[in-house]
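Report on the structure given below.
The values are calculated or read from the model by the stated rules, or taken from the named source; none is laboratory data. Keep in mind the model is a prediction, meaning the values are calculated, not measured. For the accessible areas, the whole protein counts, side chains as well, though only heavy atoms, and no ligand, DNA or RNA atoms are used. Shrake-Rupley method; radii C 1.70, N 1.55, O 1.52, S 1.80 Å.
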Amino acid sequence: DGDLKFSLESVKKLKKLMDENRHINPHMAVSTANYSPCDEKDLPGEFQSVCKREDATMVFERLYLAVQEVDLCEICANAACSGCF
């Protein structure tokens with residue numbers, strides 16, 4: 001995300017945390033844009049620096065959206081892959 005870099009495994013854990021903390025009732029669902037996982041005990045340590053930023057919720061939202069298509073991320077994580085965005 002911009003000049004920030006995180007491991008794919010940590011971003012997958014972030015997505016899992018964010019998925020677990022959404023309410024089941026769609027009328028009561030918490031938007032991931034309004035949710036910050038900074039208080040979660042299972043948040044990978046490499047995200048602690050993000051929690052100190054004013055734009056933390058936006059950074060987490062972009063990371064969450066980036067791993068919606070997990071197979072694409074697995075392909076793009078390959079160093080030999082070209083053309084991935």
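Points worth noting:
- Applying the criterion of being aliphatic (A, V, I, L, M) and at pLDDT below 65 to the residues of segment 19-57, the residue that is most open to solvent (accessible area, probe 1.4 Å) is Ile24.
- Matching residues, segment 39-59, being in a loop (DSSP other than H, G, I, E, B) and closer than 18 Å to Glu9 by Cα: Glu40, Lys41, Asp42, Leu43, Pro44
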